[in-house]
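First comes the structure, then the notes that go with it.
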Amino acid sequence: MIFSTASPEETKAAARTVAALLRPGDLIAYRGGMGAGKTTFTAGLAQGLGSTAWVSSPTFALVHQYDGPTPLCHFDMFRVASLEDLYSTGFFDYLEGGAVLAVEWSENIEAALPEPHITVDIAMGEGDQRTITVTGDERFL
Ligand code: ADP
Ligand code: MG
């Protein structure tokens, strides 16, 4: 699935479309640098999964949980540099929890990512343009 967006609102709308296809236990691994729109996309996921909470970056907390009909756990692995760090986020416990997991800076935990997982790549274009590519399962073909 490929979305071209030109505003944060359009990115959230794309995420709501993706959210409608998600199932408990799915893991979304983001690709895309600082300011690409990973947290913005996650806000749309939370909306789509039925949470009314305000979504903010979990940079310091490492993980935020949003409760709704399908819970969403939002990780920021920017500062995670070792398996020990990863254990301390509780990541491995969350994997079993039946929530949807959305992982920013998934590059940092590449070796620990479960297979299969869904990749959401957000590429920045001119100005507010973003190209969002969702792969990893036939639901997104
Ligand atoms: P990340 O989590 O990838 O670092 P954020 O979602 O926190 O990125 O921030 C994205 C920034 O880019 C926000 O300031 C947002 O307003 C801006 N932005 C501009 N255009 C878009 C777009 N099309 N989609 C998402 N965010 C956009
Ligand atoms: Mg972010």
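The values are calculated or read from the model by the stated rules, or taken from the named source; none is laboratory data. Owing to the predicted nature of the structure, the values given are computational and were not obtained by experimental measurement. Positions of Cβ are backbone-derived with ideal geometry, glycine not excepted, and every protein chain shown enters the neighbour counts. All accessible areas refer to the heavy atoms of the entire protein, side chains included, with ligands and DNA or RNA removed. Shrake-Rupley method; radii C 1.70, N 1.55, O 1.52, S 1.80 Å.
Quickly run through the range 111-120 and pick out the residues that are open to solvent by 60 Å² or more (accessible area, probe 1.4 Å) and either modelled with pLDDT under 95 or assigned to a strand (DSSP E or B) (or both).
The answer is A111, and nothing else.
Within the range 79-114, can you find the residues that are among the charged types (D, E, K, R) and out of contact with any Asp or Glu (no Cβ under 9 Å at 6 or more places or on another chain)?
Those that are among the charged types (D, E, K, R) and out of contact with any Asp or Glu (no Cβ under 9 Å at 6 or more places or on another chain): E84, D85, D93, E96, E107, E110.
Among (1) within 16 Å of ligand 2 (Cβ to nearest atom); (2) at pLDDT 95 or above; (3) surrounded by 14 or more Cβ atoms within 10 Å (Cβ to Cβ); (4) farther than 23 Å from P116 by Cα, where does K38 come up short?
Among (1) within 16 Å of ligand 2 (Cβ to nearest atom); (2) at pLDDT 95 or above; (3) surrounded by 14 or more Cβ atoms within 10 Å (Cβ to Cβ); (4) farther than 23 Å from P116 by Cα, the lone unmet condition for K38 is (4).
Just to be sure, is L101 over 17 Å from M1 (Cβ atoms), open to solvent by less than 30 Å² (accessible area, probe 1.4 Å) and either away from ligand 2 (no atom under 11 Å from the Cβ) or assigned to a strand (DSSP E or B) (or both)?
In short, yes.
Suppose we filter A20, A43 for residues that are hydrophobic (A, V, I, L, M, F, W, C), more than 13 Å from ligand 2 (Cβ to nearest atom), over 17 Å from I109 (Cβ atoms) and touching a residue at least 12 places away in the same chain (Cβ under 8 Å); which single one remains?
A20
So if I check each of G44, G25, which one is at positive phi and either touching a Lys or Arg at 6+ places or on another chain (Cβ under 6 Å) or outside any strand (DSSP E or B) (or both)?
After ruling out the rest, the residue left standing is G25.
State the number of residues belonging to the range 47-92 that are in contact with a Lys or Arg (Cβ under 9 Å, 6 or more places away or on another chain) and of a type in the set (V, I, T).
Summing the residues that are in contact with a Lys or Arg (Cβ under 9 Å, 6 or more places away or on another chain) and of a type in the set (V, I, T) in the range 47-92 gives 2.
What do you reckon, is G68 outside any helix (DSSP H, G or I) and more than 16 Å from ligand 2 (Cβ to nearest atom)?
Judged against the criteria, G68 is a match.
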